[in-house]
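Let me begin by presenting the structure, written as structure tokens, before commenting on it.
The values are calculated or read from the model by the stated rules, or taken from the named source; none is laboratory data. Worth saying up front: this structure is predicted, and the values here are computed from it rather than measured. Positions of Cβ are backbone-derived with ideal geometry, glycine not excepted, and every protein chain shown enters the neighbour counts. Heavy atoms of the whole protein, side chains included, go into the accessibility calculation; ligands, DNA and RNA do not. Shrake-Rupley method; radii C 1.70, N 1.55, O 1.52, S 1.80 Å.
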Amino acid sequence: MAINEPVLPPITERSNILSWMRKNLFGSWYDALLTILGAWIVYWALSGLLRWVFVTAEWEVIVVNMRLLMIGQYPLEQAWRLWLWLGLLVFLSGNSLAIWARQSKYAVLLLLAPALLSLFQVGAGQRGWLIGLTVTGLVGWGIGRIKPEVLKRSVIAGWVISLPVIILLTRGLSESETSFMPEVRTNLWGGLLLTFLLTVVGIMFSFPIGVLLALGRRSELPIIRWFSVGYIELVRGVPLISILFMAQLMLPLFLPDGWTVDRVIRAMVGITLFSAAYLAENVRGGLQAIPKGQFEAAEALGLSGAQTMIFIILPQALRLIIPILVGQFIGVFKDTSLVAIVGLLDLVGIARTVLAQPAFLGLQREVYVFISLIFWVLSYGMSYLSQRLEERLGVGIR
Amino acid sequence: MADEPIIKVQEVHKWYGNFHALKGVSMDVQKGEVIVIFGPSGSGKSTFIRTLNRLEEHQRGKIVVDGIEMSHDVRNIEQIRSETGMVFQQFNLFPHLTVMQNIVLAPIQVRKWTKQKAEEIAMQLLERVGIPEQANKFPGQLSGGQQQRVAIARSLAMQPKIMLFDEPTSALDPEMIKEVLDVMTELAKSGMTILAVTHEMGFARAVADRMIFFDKGEIVEQGTPEQIFNSPKEDRTKLFLSQILRH
């Protein structure tokens, strides 16, 4: 054998679509049978669905009630406040995409979503706002691209203050009707707006509480440990709906006369406390996955217990459980729909009032398909973002 | 060396449940002394070195490090830990931080140095252990030998008075042991007080002032490398040395 003969890679099979089909779809008579059967099932299901979507379904119910589904009874003349904070969020998203998602070329296309939505039947005013959102997002993206390193901190700060800004803008500044931003009471909040706020508040507040409970459960101080264990086990043993009922119906019985707590806030508290118990167990799982050597190394350097947790253990533990956390956040988002049962007009609650309108009786399919679509798009969005986040944080780890 | 010993250990006992892991260990360490501790696995040598910075708690006896008595007082423990560096068998670098961040974390948080000062000193240390070019990599991107050298630099950044090594080369591939031993040798010659649990007898012969043989939770024999290698007194020492030096 010739020694100098070069070692060649294996010959790759050149394939065209016909040979691919012959090999993979019609390899034998039962392959062919399965292919034909499968194709027929897909055709049957899809054609039915498409016929319903484009022919049978009466989407007018959605178009007419779009405002109710989005913001409930929120006064139209104050809606600019909502557009304003949406603009802030889109602007920050643009910044963030430019700073943290430089590798994914198509991420910027996400910013076109509002403008695409404006192609549907929306009012002229809304169309302007939607296009404005896309422009704001693109401007944010452009600014982010120019000075990504400098902007990092201010963008993070922007995200941190965005929740109070959202609440403040939505709720308003003063009670007087004539002021610049009159208060909009929470009983007027509804639709996607309410669902969104319940979700964001639930996630933002349950996260720190859950982390503290997880740490408490591992504490060496018996009182703290027993309290954490008791709280977690008690809350996890009860369905969310019963916690919401307790918050709505029983809380007033315990409060002194004349004290009232806003119903939306009661729901937010219920969701937060419920989610915190589950989060605590997830965080505990992450903490247990950190090798003992990490604690020892940190302690051997003279770091205190709190410093060890903050700088060494929690960053690693939380990174490990990102997929679980996001799963839970998606769960919180969907679970907020239970507030409809205690009478709040979130996306599901408002859908039920829409279906009660005499003009739109019997259109459950259209309305529920539409709100399911909203839930799906936003849930998938969270899932997608978390995957990007994992990729980013995975760099150079272990 | 008439000074007060930097470490004083008197009659230290430790039990794991019913297992008597340390059976009355006593020893003094002088400033600048280099001590190699060796013995069969399960002899309590690692447990002993870990009681010196309270990673293991002793149940009886007295340990005084740099004039501070080890007690349940957390402040005492943290003070002792910031004066003693420790290097582990498994490196235990922080995988979510870069090499530089691994080194500067404790000086900034515990010693309250400025970031600039901490990074300057970290760079000097990385040069001392021979890997300044790796400063911005993550531990997972380094070889075992490089990781252990980072771990040594991380301990030294706290400017400890004592360095404890717990089998620092046992998890390394053979070709990487030398690079770590070179760093340890240089450190020993610079006057650092060192206690090392190791079976690297070449290292012991070259730099140790004293060797201590542990077996079954107690000190069986101690002496200079010359005494230990050439004329060990105890049968257990002879047997163990013959086992590890045979090849």
*Complete set of residues in the stretch A:179-205 that are more than 21 Å from A:Val342 (Cα to Cα) and assigned to a helix (DSSP H, G or I)*: A:Met204, A:Phe205
_Selection status of B:Ser46, more than 15 Å from B:Ile162 (Cα to Cα) and assigned to a loop (DSSP other than H, G, I, E, B)_ = no
*Looking at A:Trp59, is it aromatic (Phe, Trp, Tyr), surrounded by 10 or more Cβ atoms within 10 Å (Cβ to Cβ) and touching a residue at least 40 places away in the same chain (Cβ under 8 Å)?*
yes
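Kindly indicate which of A:Ser383, A:Ser379 is part of a helix (DSSP H, G or I), among the polar types (S, T, N, Q) and either on the phi > 0 side of the Ramachandran plot or buried (at least 16 other Cβ atoms within 10 Å of the Cβ) (or both).
A:Ser379
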_In the stretch B:172-208, residue surrounded by the fewest Cβ atoms within 10 Å (Cβ to Cβ) [restricted to those that are in a loop (DSSP other than H, G, I, E, B) and under 15 Å from the mean Cα position of the chain (by Cα)]_ = B:Gly191
*Please verify whether the stretch B:106-121 includes one or more residues that are within 11 Å of chain A (Cβ to nearest Cβ), assigned to a loop (DSSP other than H, G, I, E, B), within 20 Å of B:Leu55 (Cα to Cα) and not acidic (Asp, Glu).*
yes
*asked:* Going by what's in this entry, would B:Gln146 be described as open to solvent by 30 Å² or more (accessible area, probe 1.4 Å) and more than 28 Å from A:Ala289 (Cβ to Cβ)?
replied: no
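Out of A:Leu273, A:Leu198, A:Leu221, report the one residue that is closer than 27 Å to A:Arg352 by Cβ, open to solvent by 30 Å² or more (accessible area, probe 1.4 Å), modelled with pLDDT of 90 or more and in the same structural domain as A:Val326 (by TED's automatic domain parsing).
A:Leu273 is the lone residue from the list that is closer than 27 Å to A:Arg352 by Cβ, open to solvent by 30 Å² or more (accessible area, probe 1.4 Å), modelled with pLDDT of 90 or more and in the same structural domain as A:Val326 (by TED's automatic domain parsing).
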*From the list B:Ile162, B:Ile177, pick out the single residue that is in contact with a Ser or Thr (Cβ under 8 Å, 6 or more places away or on another chain), of a type in the set (Val, Ile, Thr) and within 14 Å of chain A (Cβ to nearest Cβ).*
B:Ile162
*Using the structure shown, decide if A:Arg102 is open to solvent by 70 Å² or more (accessible area, probe 1.4 Å) and not in a helix (DSSP H, G or I).*
yes
*Where residues in the stretch B:78-93 are out of contact with any helix residue (DSSP H, G or I) (no Cβ under 8 Å at 6 or more places or on another chain) and more than 24 Å from B:Gly32 (Cβ to Cβ), which of them is farthest from the other protein chains (Cβ to nearest Cβ)?*
B:Gln89
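Is there a residue in the stretch A:248-269 that is of a type outside the set (A, V, I, L, M), within 12 Å of another protein chain (Cβ to nearest Cβ) and either surrounded by fewer than 20 Cβ atoms within 10 Å (Cβ to Cβ) or in contact (Cβ under 8 Å) with a residue 60 or more places away in the chain (or both)?
Scanning the stretch A:248-269 turns up no residue that is of a type outside the set (A, V, I, L, M), within 12 Å of another protein chain (Cβ to nearest Cβ) and either surrounded by fewer than 20 Cβ atoms within 10 Å (Cβ to Cβ) or in contact (Cβ under 8 Å) with a residue 60 or more places away in the chain (or both).
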*Select from the stretch B:15-29 the residues that are in contact (Cβ under 8 Å) with a residue 40 or more places away in the chain and out of contact with any strand residue (DSSP E or B) (no Cβ under 7 Å at 6 or more places or on another chain) and list them in ascending order.*
B:His20
*In the stretch A:68-83, how many are open to solvent by 50 Å² or more (accessible area, probe 1.4 Å), more than 20 Å from the chain's Cα centre (by Cα) and touching a residue at least 60 places away in the same chain (Cβ under 8 Å)?*
1
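Quick check on this structure: which one of B:Ile68, B:Ile37 is among the aliphatic types (A, V, I, L, M), within 18 Å of B:Val9 (Cβ to Cβ) and within 14 Å of another protein chain (Cβ to nearest Cβ)?
B:Ile68
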*Restricting the stretch A:6-54 to residues that are β-branched (Val, Ile, Thr) and part of a loop (DSSP other than H, G, I, E, B), which is farthest from A:Val369 (Cα to Cα)?*
A:Val7
*Are any residues in the stretch B:1-22 in a strand (DSSP E or B) and either open to solvent by less than 80 Å² (accessible area, probe 1.4 Å) or among the aromatic types (Phe, Trp, Tyr) (or both), and if so, which ones?*
B:Ile7, B:Lys8, B:Val9, B:Val12, B:His13, B:Lys14, B:Trp15, B:Tyr16, B:Phe19, B:His20, B:Ala21, B:Leu22
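Look at the stretch A:118-144 and say how many of its residues are in a helix (DSSP H, G or I), open to solvent by 40 Å² or more (accessible area, probe 1.4 Å) and hydrophobic (A, V, I, L, M, F, W, C).
8
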*Does B:Ile68 count as among the aliphatic types (A, V, I, L, M) and open to solvent by 20 Å² or more (accessible area, probe 1.4 Å)?*
yes
*Hey, can you tell me all the residues within the stretch A:340-389 that are of a type in the set (D, E, K, R) and either outside the structural domain of A:Gln328 (by TED's automatic domain parsing) or farther than 30 Å from A:Ser96 by Cα (or both)?*
A:Arg352, A:Arg365, A:Glu366
*Find all pairs meeting these conditions: Cβ atoms under 6 angstrom apart; at least six residues apart or on different chains; first residue within the stretch A:101-118 and without any contact (Cβ under 8 Å) to a residue 12 or more places away in the chain; second residue among the β-branched types (Val, Ile, Thr) and open to solvent by 30 Å² or more (accessible area, probe 1.4 Å).*
none
*asked:* Out of the helices (runs of 4 or more DSSP H) lying entirely within the stretch A:288-361, which hold 2 or more residues that are buried (at least 21 other Cβ atoms within 10 Å of the Cβ), within 14 Å of another protein chain (Cβ to nearest Cβ) and of a type in the set (S, T, N, Q)?
replied: none
*Scanning the stretch B:94-104 for residues that are touching a residue at least 24 places away in the same chain (Cβ under 8 Å) and in a helix (DSSP H, G or I), which turns out farthest from the other protein chains (Cβ to nearest Cβ)?*
B:Met100
*Might you check whether a residue that is crowded, with 20+ Cβ neighbours inside 10 Å, in contact (Cβ under 8 Å) with a residue 60 or more places away in the chain and more than 25 Å from B:Asp66 (Cβ to Cβ) occurs anywhere in the stretch B:216-238?*
yes
_Number of the exception - A:Tyr231 against (1) of a type outside the set (A, V, I, L, M); (2) over 18 Å from A:Leu345 (Cβ atoms); (3) out of contact with any helix residue (DSSP H, G or I) (no Cβ under 8 Å at 6 or more places or on another chain); (4) in contact (Cβ under 8 Å) with a residue 12 or more places away in the chain_ = (3)
